[in-house]
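What follows is a single structure, written as structure tokens, with notes after it.
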Amino acid sequence: MDVEGIDVSIVFRTRAAHVVAVDGLDAELTAAVCRAFNNWLADFCSTNRARLKPAALLPVHDVKLAGAEARRSVKELGAVALVLPNQQVNGRPWYDRYYDPLWAEAERLHVPVAFHGIQMAYQEHLGRRYLDNFAMAHAVGHPVEMMLALGSMLTGGVFERFPGLTAAFLEGSCSWAPWWLWCLDERVEKFGDDERFPLKMPPSEYFRRQCYVSVDPDEAVVQYTIKAMGDENIVISTDWPHDDSAYPRAIETFLQLDGVNEASKRKILWDNCARLYSIQ
């Protein structure tokens with residue numbers, strides 16, 4: 001963090017997410033894995049609580065257990081976000097009313113739900129189509145699955161039912177967002193199911209009000225994203241310590257991007273992140 005010039009880091013899971021990414025996995029076992037990991041992560045972050053903030057892994061195989069772990073992690077462990085996979089769990093789309101108690105709990109706790117993908121899962125996951133082509137599996141397992149998670153939440157009425165819910169869609173880049181929001185607006189206008197999913201605004205307006213996406217440090221096309229949808233809903237992801245991260249020059253790389261002014265860089269590097277995670 002010192003090398004990169006990062007003051008505060010939100011610490012996310014990786015390996016633990018793979019352990020629980022199995023449809024039909026015993027719910028109590030899933031909850032035990034999440035508790036163990038969240039305990040470990042809180043202990044890891046305790047070495048410098050001012051600079052390291054944990055994001056809690058949730059056992060979404062059982063929504064009651066997920067809500068209980070969300071409360072424990074925020075109130076006892078200091079978690080600043082609740083992490084969810086971008087792929088479906090047990091075949092349920094994220095707008096399924098089954099998850100409504102979890103969205104309500106996140107509202108009460110005043111913490112964001114953060115969707116964060118993995119490149120493969122023993123679940124319905126796009127990466128499984130390309131087991132012989134890791135580059136393709138990774139490409140669809142992160143940004144494309146992320147598009148589906150965001151679209152599910154927006155078109156399925158989640159943000160209409162829970163106007164105080166904040167959601168972040170992370171580690172899947174962001175430059176697809178303007179086109180995807182346009183596409184969702186257009187499809188809802190033409191084909192929206194007002195009886196099942198009553199929306200008072202176009203999906204893009206819910207996005208602007210309640211959602212964030214993350215930019216990769218070397219995502220040069222973000223300049224066009226900012227021109228299309230502004231800079232209020234974008235945060236930074238370094239992806240350290242993964243082997244595809246830009247460390248030790250992630251922040252330097254982002255600061256050198258053409259076509260992104262200093263005001264936008266400040267928002268993406270600090271202001272938007274601080275607002276998302278309620279960091280003073």
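Is at least one residue of the stretch 116-133 at pLDDT below 95, under 26 Å from residue 220 (Cβ atoms) and surrounded by fewer than 20 Cβ atoms within 10 Å (Cβ to Cβ)?
Within the stretch 116-133, one or more residues are at pLDDT below 95, under 26 Å from residue 220 (Cβ atoms) and surrounded by fewer than 20 Cβ atoms within 10 Å (Cβ to Cβ).
Mind checking whether some residue in the stretch 212-221 is among the polar types (S, T, N, Q), out of contact with any His (no Cβ under 6 Å at 6 or more places or on another chain), in contact (Cβ under 8 Å) with a residue 60 or more places away in the chain and surrounded by 22 or more Cβ atoms within 10 Å (Cβ to Cβ)?
Narrowing the stretch 212-221 to residues among the polar types (S, T, N, Q): 214.
From what is left, the residues that are out of contact with any His (no Cβ under 6 Å at 6 or more places or on another chain) are 214.
The next check asks that each one be in contact (Cβ under 8 Å) with a residue 60 or more places away in the chain; those that pass are none.
Within the stretch 212-221, none of the residues are among the polar types (S, T, N, Q), out of contact with any His (no Cβ under 6 Å at 6 or more places or on another chain), in contact (Cβ under 8 Å) with a residue 60 or more places away in the chain and surrounded by 22 or more Cβ atoms within 10 Å (Cβ to Cβ).
If I go through the stretch 156-200 residue by residue, how many of them are closer than 25 Å to residue 109 by Cβ and outside any loop (DSSP other than H, G, I, E, B)?
Qualifying residue count for the region: 8.
If you scan the stretch 222-235, which residues turn out to be in a loop (DSSP other than H, G, I, E, B) and surrounded by fewer than 16 Cβ atoms within 10 Å (Cβ to Cβ)?
230, 232
Residues in the stretch 147-168: is at least one open to solvent by less than 10 Å² (accessible area, probe 1.4 Å) and at positive phi? Spell out how you get there, then give the answer.
Looking only at the stretch 147-168, we keep the residues that are open to solvent by less than 10 Å² (accessible area, probe 1.4 Å), and these are 149-151, 153-154, 156-159, 165, 167-168.
The next check asks that each one be at positive phi; those that pass are 157.
Within the stretch 147-168, one or more residues are open to solvent by less than 10 Å² (accessible area, probe 1.4 Å) and at positive phi.
Taking only the stretch 75-92 into account, find how many residues are open to solvent by 30 Å² or more (accessible area, probe 1.4 Å) and closer than 15 Å to residue 123 by Cβ.
The number of residues fulfilling the criteria is 4.
Just the residues that are in contact with a helix residue (DSSP H, G or I) (Cβ under 6 Å, 6 or more places away or on another chain) and either within 21 Å of residue 95 (Cβ to Cβ) or part of a helix (DSSP H, G or I) (or both), please, taken from the stretch 119-140.
Start the filter on the stretch 119-140 by keeping residues that are in contact with a helix residue (DSSP H, G or I) (Cβ under 6 Å, 6 or more places away or on another chain), which leaves 119-120, 126-127, 130, 136-137, 140.
126, 127, 130, 136, 137, 140 - these are the residues of the stretch 119-140 that are in contact with a helix residue (DSSP H, G or I) (Cβ under 6 Å, 6 or more places away or on another chain) and either within 21 Å of residue 95 (Cβ to Cβ) or part of a helix (DSSP H, G or I) (or both).
Assuming residue 185 fulfils every condition listed in (1) crowded, with 18+ Cβ neighbours inside 10 Å; (2) touching a residue at least 24 places away in the same chain (Cβ under 8 Å); (3) within 19 Å of residue 160 (Cα to Cα); (4) charged (D, E, K, R) apart from one, which condition is it?
For residue 185, the exception is condition (2).
Rundown of residues vs (1) open to solvent by 40 Å² or more (accessible area, probe 1.4 Å); (2) under 18 Å from the mean Cα position of the chain (by Cα); (3) among the hydrophobic types (A, V, I, L, M, F, W, C); (4) more than 20 Å from residue 279 (Cβ to Cβ), yes/no style:
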position: 24; (1), (2), (3), (4): yes, no, no, yes
position: 28; (1), (2), (3), (4): yes, no, no, yes
position: 44; (1), (2), (3), (4): yes, no, yes, no
position: 47; (1), (2), (3), (4): yes, no, no, no
position: 50; (1), (2), (3), (4): yes, no, yes, no
position: 56; (1), (2), (3), (4): no, yes, yes, no
position: 59; (1), (2), (3), (4): no, yes, no, yes
position: 70; (1), (2), (3), (4): no, yes, yes, no
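The values are calculated or read from the model by the stated rules, or taken from the named source; none is laboratory data. Just so it is clear, the structure is predicted and the values come from calculations on it, not from any experiment. Virtual Cβ from ideal backbone geometry, glycine too; neighbours counted across all protein chains shown. With ligands, DNA and RNA removed, areas are computed over all heavy atoms of the protein, side chains included. Shrake-Rupley method; radii C 1.70, N 1.55, O 1.52, S 1.80 Å.
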